[in-house]
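Below is one structure; the comments refer to it alone.
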Amino acid sequence: MMKIEPLPQGFGAEVKDFDVLYGRSPTDVATLRAAYSKWNLLIFRNCAVLPPERQVEITGWFGKIGANADAQGRPWTVLHNDNATGSTLLPFHSDITFFAHPLEGISLHPQALPNVETSTTFVSNAVAWEALSPELQREVHHLRGRHHYDNAAELGMEWPTLEYWHPVRLEHPKTGRPLLFVTEHHVNRISDVSESRSAELLSALFATLYAPERRYEHVWHLGELVIWDNIAIQHARTRESAPSEGVRALQRVAIGEYGFLEQLRQVQSRTSAIA
């Protein structure tokens with residue numbers, strides 16, 4: 001019988017005794033959905049090598065697939081350490097929060113791993129909100145954070161600055177659970193306070209979010225599948241993965257109705273209209 005074993009950090013759970021290659025009974029799917037809603041991150045081990053179609057099927061149990069596609073239009077991509085996007089240190093973030101519609105969820109399944117340890121580290125926006133003092137919760141309750149991205153030139157892209165103001169206290173759109181929705185990678189300003197107070201607030205919020213005891217570092221092994229809620233969970237690459245150490249290739253499937261390119265085109269269209 002399938003078992004769900006929570007991690008000690010207060011979020012995330014390991015799924016045991018589930019047939020990752022072929023299991024799909026309505027009872028198991030309902031149990032997994034409930035676990036995902038409660039713990040926001042699920043770890044499946046001993047999966048062998050999953051065909052991408054099977055990863056898409058499993059990930060699709062938790063939301064709509066379609067926010068991520070490869071050059072052939074297939075709903076998966078591979079995050080590879082042969083470029084900076086897949087190899088360098090990456091601060092904590094949730095994907096594409098600088099748009100109105102961040103991704104709803106992400107799954108990763110390793111295709112190849114180096115001989116040295118390589119990992120992805122996670123924190124919970126829900127756990128962090130609950131850890132804030134009541135005074136700090138009250139102060140930021142109605143404020144917003146500026147999520148922005150202005151480093152396109154580093155990738156050789158001519159994109160405008162991408163920016164969206166999300167509530168600091170964001171209620172999860174499906175569960176209603178309050179989340180501390182600021183990230184060290186993309187948020188640099190809090191609304192309706194002075195610049196100095198904004199910096200103080202962000203420092204305090206980040207200290208709570210990224211406290212060592214609230215982190216889960218997942219060291220990757222072949223035959224694993226990890227799925228997480230991108231609204232409730234942030235992730236980071238806290239260890240570099242240089243190509244000289246070996247190939248690191250993670251097959252990626254995204255949950256959500258709105259992807260990066262679609263929202264980028266909307267921003268570009270608005271920018272062009274204003275110009």
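The values are calculated or read from the model by the stated rules, or taken from the named source; none is laboratory data. A quick note: this is a predicted structure, and the numbers were derived from the prediction, not measured. Using ideal geometry, Cβ is built from the backbone for each residue, glycine included, and neighbour counts are taken over all protein chains shown. Note: areas computed on protein heavy atoms with side chains; ligands, DNA, RNA excluded. Shrake-Rupley method; radii C 1.70, N 1.55, O 1.52, S 1.80 Å.
Would you mind finding the one in L108, L136 that is out of contact with any Asp or Glu (no Cβ under 8 Å at 6 or more places or on another chain), within 30 Å of L222 (Cα to Cα) and not charged (D, E, K, R)?
Criteria check complete, one pass: L108.
Take region 37-67 and flag every residue that is among the aromatic types (F, W, Y) and closer than 16 Å to A13 by Cα.
Scanning region 37-67 gives W39, F44, F62.
Does at least one position in region 156-174 carry a residue that is among the polar types (S, T, N, Q) and farther than 29 Å from A249 by Cβ?
Within region 156-174, one or more residues are among the polar types (S, T, N, Q) and farther than 29 Å from A249 by Cβ.
Take the residues in region 1-50 that are without any contact (Cβ under 8 Å) to a residue 60 or more places away in the chain and aromatic (F, W, Y), then tell me which one is most open to solvent (accessible area, probe 1.4 Å).
Result: Y22.
Could you please find all residues in region 256-270 being touching a residue at least 24 places away in the same chain (Cβ under 8 Å) and aliphatic (A, V, I, L, M)?
L264, V267
Take the residues in region 130-161 that are in a loop (DSSP other than H, G, I, E, B) and modelled with pLDDT of 90 or more; name whichever of them is farthest from Y210 (Cα to Cα).
H142
Are any of the residues in region 151-168 open to solvent by 10 Å² or more (accessible area, probe 1.4 Å), under 20 Å from the mean Cα position of the chain (by Cα) and among the β-branched types (V, I, T)?
no
Given (1) open to solvent by 40 Å² or more (accessible area, probe 1.4 Å); (2) out of contact with any Asp or Glu (no Cβ under 7 Å at 6 or more places or on another chain); (3) closer than 22 Å to F98 by Cα, where does R146 come up short, assuming only one miss?
Exception for R146: condition (2).
Okay, residues lined up against (1) over 17 Å from S119 (Cβ atoms); (2) buried (at least 18 other Cβ atoms within 10 Å of the Cβ); (3) modelled with pLDDT of 95 or more:
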residue	(1), (2), (3)
L205	yes, yes, yes
E217	no, no, yes
L225	no, yes, yes
D229	yes, yes, yes
H235	no, yes, yes
R239	no, no, no
E245	no, no, no
L250	no, yes, yes
S272	yes, no, no
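Would you pick out the residues in region 14-28 that are out of contact with any helix residue (DSSP H, G or I) (no Cβ under 9 Å at 6 or more places or on another chain) and under 14 Å from L42 (Cβ atoms)? Break it down into steps so the answer makes sense when it comes.
So the first thing to find is which residues in region 14-28 are out of contact with any helix residue (DSSP H, G or I) (no Cβ under 9 Å at 6 or more places or on another chain), and the list is 14, 16-17, 25-28.
Passing the criteria: E14, K16, D17, D28.
Limited to region 105-125, what total is found for residues that are touching a strand residue (DSSP E or B) at 6+ places or on another chain (Cβ under 7 Å), surrounded by fewer than 21 Cβ atoms within 10 Å (Cβ to Cβ) and more than 16 Å from Q251 (Cα to Cα)?
Summing the residues that are touching a strand residue (DSSP E or B) at 6+ places or on another chain (Cβ under 7 Å), surrounded by fewer than 21 Cβ atoms within 10 Å (Cβ to Cβ) and more than 16 Å from Q251 (Cα to Cα) in region 105-125 gives 2.
Of all residues in region 51-69, count the ones that are at positive phi and either open to solvent by 50 Å² or more (accessible area, probe 1.4 Å) or touching a Pro at 6+ places or on another chain (Cβ under 7 Å) (or both).
Qualifying residue count, region 51-69: 1.
In region 181-201, how many residues are under 20 Å from L90 (Cα atoms), touching a residue at least 40 places away in the same chain (Cβ under 8 Å), open to solvent by less than 20 Å² (accessible area, probe 1.4 Å) and out of contact with any Pro (no Cβ under 7 Å at 6 or more places or on another chain)? It would help to see each step written out before you state the result.
From region 181-201, those under 20 Å from L90 (Cα atoms) are 181-189; that's our starting set.
Cutting the leftovers down to touching a residue at least 40 places away in the same chain (Cβ under 8 Å) gives us 181, 183-189.
The next check asks that each one be open to solvent by less than 20 Å² (accessible area, probe 1.4 Å); those that pass are 181, 183, 186-187.
Then keep just the ones that are out of contact with any Pro (no Cβ under 7 Å at 6 or more places or on another chain); that gives 183, 186-187.
The number of residues fulfilling the criteria is 3.
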